[in-house]
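One structure below.
The values are calculated or read from the model by the stated rules, or taken from the named source; none is laboratory data. Treat the numbers as computed from the prediction; the structure is a model and nothing was measured. Glycine gets a Cβ as well: all are built from the backbone with ideal geometry, and neighbour counts include every protein chain shown.
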Amino acid sequence: MEQKQRYTLGKTERLKSRKLIEQLFKEGKSFSVQPIRVYWMLQPANNNAPSLQFGVAAGTKHFKHAVDRNRIKRLIREAYRLQKNDLQQQLAAADLHLNVFFIFTGKEVPDYNLVFEKTGIALQKLSEICVQSASA
RNA sequence: GCUGCAAGCUAAGCUAUCGUGGCGCCAAUGGCGCCAAGGAAAGUCCGGACAGCACAGAGCAACGUACCGGUGAAGAGCCGGGUGGCGCCAAAAGCGCCAACAGAAAGUGCCACAGAAAAUAACUACCACGCCACAAGCGUGGAAAAGGUGAAAAUGUGAGGUAAGAGCUCACAACUUUUUAUGGUAACAUACGAAGUGGGUAAACCUUGCGUGCUGAAAUGCCACAUAAACCGUCGCCUGAGAGCGGCUCGUUCGAUGACGGAGGGUAGGCAGAUUGAUCCCGUUGCGUAAGUUGCGGGACAGAUAAAUGAUAGCUCACGACAAAAUCCGGCUUACAGGUUUGCAGUAAUU
RNA sequence: GGCUCCGUAGCUCAACUGAAUAGAGCAUCUGACUACGGAUCAGAAGGUUUCAGGUUUGAAUCCUGACGGAGUCA
C-alpha cells in the first residue's frame, strides 16, 4: 500500500535547543558547498525526536538588514523541505539520528534555483556520509 | 500640456498547488475553520507605562533643562503668542523662514596674527613742571581728543570748558537697567520720569531658577532539574564585621552555624511577565484661533522564543521602493520605486 | 532588547583645556650612488580631518543630528 508523500517541516523537525546547537558547532563536523556551509553530527536514534533535525542561519556580517537574512533563511528552508525526504527515510532505516545546521556564507542574496541546486548537493553528500558510517 | 523642486496621502491585487506560527473545534500525532508584521516595525534621540531594589529622610555632588501661555499621562514633542535675526520689497506695511531666546552690573579664565594697547589701556605724538643758558635730550605727572591694525578699540554729533584734554558739563540722538501708569492671564508693548553707558565669549568654568532615587523584560516571580553545608584568604561574634542605601556624608533599620573576596563546580528547561491598551481608525456632535478634547454610533487590533508569512505557475498597460514585530505606548529623526493631490518655478501651444 | 566607545594621508598613529601652514613612520613617485638591483642619501606628491547644520572673529577640537564601524550584558 503506497502512501502519498508529504513535504512537511514542522516544529519537531527543527533544531530548537540552544544547547544542542552550541554542541553541534563545538563537536560536530562540517563541509562546504560553495555559498552554504553545513555542520552535521550523527548520533544513535532517539525515540522522542525525529531522525533528522535541522537549522538555518545567515550571518550579520554580510547582511545588515533583517529582511535579507529572513529571505535567505526562507529560501534554504524551502529547498530543504522539498528534498530532505529521501535522507530522512534512509536514517530511519539505519536507526540513526542526525543534526544538521546550514549557514549561508555568501555575500549577496541568492536566487532560488541556485539555493535549490546547492541544497540538493549538500543532502546527497550527507546521504553518502550516512551510508559510510552505517557500513563501518 | 511637459519638466524640475517641496509637502501630504498611499505602499499592487487575484487564482491554484505545496508548506509555516497561534487560537478554537472535531477527537488526536491528523483534519477543518479563523487570524498572522510597518509607515517607518529602523535609529535608540526624548518622554512615559510597567517591574525589581528601597520606601525615613536631609545635605552635598552629578546630570538635565532655561521667553510666555496652552495641550497632554509626560516631554528637549505639538499649538498659539512675544522678542530678535534673515529674506522678498526702493522703503514702510505685510508675508515667509529661523532661533539651546536666563545671567557678562557675582567671580575666574580665554581673545592667535596684526596693533601702542585685547581690559584696573600711556608706545608715538600732546600739555605742565624739574634738570640744562636755550633747543635737543632725560625724568616726574596729567590726559583716551589723533595714530597704518583687527572680528572686536571704550556711544555719536555740536557747543561750552581746559595747561592740554576728557560725559567733565549741556543740547539732540542711540542703547542698558528701572519706578509709576495703561493694555495684556503672561512674556511683552506704549507713555512719562530716574539712574547709567569700561568690549566679546557662558554649545569655557560658573551663578540663579526648575527638575531627576537607581536599574531595565537578558527586569522580575513561580515550578522542575542539578550541585559544593567542600577549598583558600581577610574581617568579625554585641565597645559589632558587614548589608539595605547601586556617587558620597549624616541619619536610620537589620545583623551572628556571620560577612566579603578569590579560584572552581552545577543549571541554562517550562510557565507567568506577554499582548485589549493613557489603544487606533471612520462617521457625527459640542467646546477651542489651534494643538487638542467631550458625548454618541460602528469597526479593527500578530504574539514567535535559533524565532512563524515562503516557493512554484498564471493573469492584470506598470514586474513591485525603503524595509521585518521581540514588553507596550506618545513624539522626534532618518530611508523610500511607482501612483496620486496641492503649491512654487521654467517652458510650449491655444483662446 | 539595552548600554558603552571610536571615525584624521593608501596603512599605523599624533595634534583634542578652540588659534589658521593638520605632523611622524611605513608604503608610492622622482633623482643621486651602482655594470644592474637591493640597502642608503636627497626631494616630491598624497587631506573637503566620515557627512550635514549650529555656536564662535575663528572648529580636527565645542554642541546637535545623520552615516559607518567595534565592544559588552545571563
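Set side by side, the residues A:55, A:59 differ, and just one is at pLDDT below 85 and more than 22 Å from residue A:131 (Cβ to Cβ), which is A:59. Any residue at all in segment A:31-51 that is within 10 Å of RNA strand B (Cβ to nearest atom) and surrounded by fewer than 16 Cβ atoms within 10 Å (Cβ to Cβ)? Within segment A:31-51, none of the residues are within 10 Å of RNA strand B (Cβ to nearest atom) and surrounded by fewer than 16 Cβ atoms within 10 Å (Cβ to Cβ). When the residues of segment A:95-114 are narrowed to those that are in contact (Cβ under 8 Å) with a residue 60 or more places away in the chain and among the β-branched types (Val, Ile, Thr), which ends up nearest to residue A:37 (Cα to Cα)? Only one residue fits best here, namely A:103. Confirm whether residue A:94 is over 18 Å from residue A:14 (Cα atoms) and modelled with pLDDT under 85. It is true that residue A:94 is over 18 Å from residue A:14 (Cα atoms) and modelled with pLDDT under 85. Considering segment A:98-110, and only residues there that are modelled with pLDDT of 85 or more and not aliphatic (A, V, I, L, M), the residue that is farthest from residue A:25 (Cα to Cα) turns out to be A:104.
If only residues of segment A:60-74 that are surrounded by 12 or more Cβ atoms within 10 Å (Cβ to Cβ) and not in a helix (DSSP H, G or I) are counted, the one that is farthest from RNA strand B (Cβ to nearest atom) is A:62. In the condition set (1) surrounded by 15 or more Cβ atoms within 10 Å (Cβ to Cβ); (2) touching a residue at least 60 places away in the same chain (Cβ under 8 Å); (3) part of a helix (DSSP H, G or I), residue A:133 is compliant with all but (1).
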